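Worksheet for the structure shown next.
The values are calculated or read from the model by the stated rules, or taken from the named source; none is laboratory data. Here the structure is a predicted model, which is why all the values come from computation and not from measurement. Virtual Cβ from ideal backbone geometry, glycine too; neighbours counted across all protein chains shown.
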Amino acid sequence: MARFTRRARLGAGIALVTTAALALTACAGATDAPAGADGADAATATSVTDFGTFADLEAAAKAEGQLNVIALPRDWANYGEILDLFAEKYPEITINEASPDISSAEEIQVAETNQGLDTAPDVFDLGLTVALQNTDAFAPYQVQTWDEIPEALKEPTGLFVGDYGGYMSIGYDSSKFDAPEALDDLKSGDYKGAVAINGDPTQAGAAFAAVGLATVQSGGALDDFQAGIDFFSELQKAGNLLKVDVTTATVASGETPVVFDWDYLNAAHAADNENWKVVVLDGTGYAGYYNQAINKDAPHPAAARLWQEFLYSDEVQNLWLKGGARPARMEAMTEAGTIDAELSAALPEVPAETVVPSEEQSANAGTLLGEKWAAAVQ
């Protein structure tokens, strides 16, 4: 099991880094695209150097004039402000926002369905398990701040890279429920028809992590998610598991009054429900990052690479922090004095012991969930 210990307040992004070394093989595709200063094809560019300068990359992206993003809810980790900043910074590039509420697995399905079309996604935002399963769909790219991203957060060639992370938490309507002090509290009759997870754990990273948290909080280990599956099966049998897709609207309306989700996503619901509170359970915490990747068949490959550069800039890394998430470059920015110190200090307290699944553990858990989840909660 990948383990590390931290103080109660997690001040650096590296504290969420998985300790497993990633060793995958690069696989890039090529399409017609604006060339860099030296004639480099944008679809095969692996860094700004292939364009000559950053200004050359910007020029190529502006010439394309479009950026297709997918699965980016505006209330998710401050994506709304991030998207608006890109549009303000590059008014020559139209952002096409598609299917904001679909899962990581569905992002890949959309790319496959739209392969070769102008509507295909240029970039992905993915949970680790789905990223590991689909490396042949990505183009390698290393942003200019590559060296400041912890090694364990990035595939060595840049096929996918961690960008923002957090801790699995429980959000709840405090006008209806007391704060759960332990996982088993949710099995009581007080939570009848009230407990939801954010998606299907065989497809969505947040739901996958909910099972991971239940596993380690139930005495299990990341090598075997069965304890987590059993916990949710017991919730289902007790009539407490609510099979509703969680959104800001379902939280605001009270339809999903208790929610397993990342701490930064749960915290965002307080804007629409003044009684909404968030707790990260004592004991073993479960942490994870979402990952950025470029579609190897991106219809706008220069814009896709410019988007990556934008996301890993100081300005946008601090916008992740503003959204309550821990950015990938947090440790380096803290050392350089470029992190927003006030936002950093405002991060919630977390358990002293935290686990993060390794590549192998994530793959094995995904297989087990595929075999057993549906039957466990039917």
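Summed over the stretch 232-257, the residues that are crowded, with 23+ Cβ neighbours inside 10 Å, more than 20 Å from Gly80 (Cβ to Cβ) and among the β-branched types (Val, Ile, Thr) give a count of 1. For the stretch 153-169, the set of residues classified as among the hydrophobic types (A, V, I, L, M, F, W, C), modelled with pLDDT of 95 or more and within 21 Å of Val216 (Cβ to Cβ) consists of Met168 only.
Scanning the stretch 199-226 for residues that are in contact with a Phe, Trp or Tyr (Cβ under 9 Å, 6 or more places away or on another chain) and aliphatic (A, V, I, L, M) gives Ala206, Ala207, Ala209, Ala210, Val211, Leu213, Ala214, Val216, Leu222.
So for the stretch 180-195 (the condition being in contact with a helix residue (DSSP H, G or I) (Cβ under 8 Å, 6 or more places away or on another chain) and without any contact (Cβ under 8 Å) to a residue 40 or more places away in the chain), does at least one residue qualify? Taking every residue of the stretch 180-195 in turn, at least one turns out to be in contact with a helix residue (DSSP H, G or I) (Cβ under 8 Å, 6 or more places away or on another chain) and without any contact (Cβ under 8 Å) to a residue 40 or more places away in the chain.
For the stretch 243-271, the candidate set comprises residues that are out of contact with any helix residue (DSSP H, G or I) (no Cβ under 9 Å at 6 or more places or on another chain) and assigned to a loop (DSSP other than H, G, I, E, B); within that set, the residue that is farthest from Ala194 (Cα to Cα) is Thr247. The set of residues in the stretch 260-281 being touching a residue at least 60 places away in the same chain (Cβ under 8 Å) and over 23 Å from Pro327 (Cα atoms) consists of Asn273, Asn275, Trp276.
When you scan the stretch 186-217, how many residues do you find that are more than 24 Å from the chain's Cα centre (by Cα) and surrounded by 17 or more Cβ atoms within 10 Å (Cβ to Cβ)?
Number satisfying all stated conditions: 3.
Just one of the listed residues (Ala270, Ala375, Ala363, Ala302) is buried (at least 16 other Cβ atoms within 10 Å of the Cβ) and among the small types (Gly, Ala, Ser), namely Ala302. Here Val279, Val316 are screened, and the one residue that is outside the structural domain of Ala105 (by TED's automatic domain parsing) and within 22 Å of the chain's Cα centre (by Cα) is Val279.
Does Gly80 qualify as being out of contact with any helix residue (DSSP H, G or I) (no Cβ under 8 Å at 6 or more places or on another chain) and on the phi > 0 side of the Ramachandran plot?
In short, no.
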